[in-house]
Ligand SMILES: [Ca+2]
Ligand SMILES: [Ca+2]
Ligand SMILES: [Ca+2]
C-alpha cells in the first residue's frame, strides 16, 4: 500500500505530464478546408475564393501531407497592387496563443499576403469602421503583417503575434489584448489580403491549416 504522500507525488507528476502534452499539442484551428466549404470566410475586393484540390507532394513533404485534400484558393488581378481578400469573424479569447500558423502553396504569379488581426478594445463585440476612410478600425486595434508568397511547393508560415505591427495607433488601446474580459469579444476578426508583386499583375495562392498555436 502506497503512502498518501507517494500518491500525491504521482498525481502531481501525472498532472504535470498531461499539461506538458496539452501545451505541446494543442492549438485553435480556424480552418483546414477539409469540409470543402468556404462558409467561414467572407470575401472582398477583386479576390476570387474557391475550394482547391491540393497538388500531389513528395513522400517526405510533411507540410504537403498535413494539408490533406482541400485548401482555399485565392486569386485575382489588379492595376494598383491591391487585389482583395478574405476575412473571418472569430470572437475568440486568444490570450493563450502566441503565433499564427498558415500553410501556403504559391504559383508562378508570386504575390504577397497582408494578414490583419483586430482585437475588441471598447468591449462591444463589434468592429467599428470608418466607411469614408478606407474602412479603418476606429475603436479597436488593428495589427498587420505582410508576407511573401513563395512559388510552387508547400511552405509553412509561423508568425509570432509580436511580429504584427499596430496599424491604427490612437484608435484602440494600443495593446495586444485579445482577451474576453469586461464584455470584450477578444480577437474579433482576421483578414487575409492578396497583393500583387507588380502594380499591374496577378497573384494566386492556396491557403491551408490556418490556426493559432502556442
Ligand atoms: Ca486542407
Ligand atoms: Ca469594438
Ligand atoms: Ca487592444
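No lab work stands behind these numbers, since they all come straight from the coordinates. This one's a predicted model, so the numbers in the text were calculated from it and none came from an experiment. A quick note on method: Cβ atoms are made from the backbone with ideal geometry, for glycine too, and the neighbour counts reach across all protein chains shown.
Overview of values
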| quantity | calculated |
| --- | --- |
| MRE, 222 nm, helices only [DSSP H, n ≥ 4, -39500 (n - 2.57), over the chain, to nearest 500] | -4000 deg cm²/dmol |
| Centroid-to-centroid separation of the range 157-214 and the range 59-132 [C-alpha atoms, Å] | 7 Å |
| FRET efficiency, residue 159 to residue 14 (Cβ-Cβ, R0 41 Å, nearest 0.05) | 0.75 |
| The chain: angle of helix 4-25 to the longest principal axis, Cα-based, in degrees nearest 10 | 10 degrees |
| Modelled FRET efficiency - R0 22 Å, residue 151 with residue 80, Cβ distances, 0.05 increments | 0.40 |
| Distance in nm between pseudo-label sites at residue 5 and residue 98 (7 Å out along the Cβ direction from Cα) | 3.6 nm |
| Stretch gain in nm, segment residue 59-residue 175, where the contour uses 0.36 nm per residue and the Cα spacing is subtracted | 37.4 nm |
| Zero-based 5 Å bins, Cα pair distances in the chain, whole percents | 1, 7, 13, 17, 17, 15, 11, 7, 4, 3, 2, 2, 1, 0, 0, 0 |
| Ordering of 54-62, 73-81 by packing [mean C-beta count within 10 Å, highest first] | 73-81, 54-62 |
| Estimated inter-spin distance, residue 108 and residue 36, nm [label 7 Å along Cα→Cβ] | 2.9 nm |
| Dimensionless Rg/Rh of the range 58-184 - Kirkwood Rh, Rg from C-alpha atoms | 1.01 |
| Anisotropy class of the range 168-214 from Cα gyration tensor, a/c 1.5 cut | oblate |
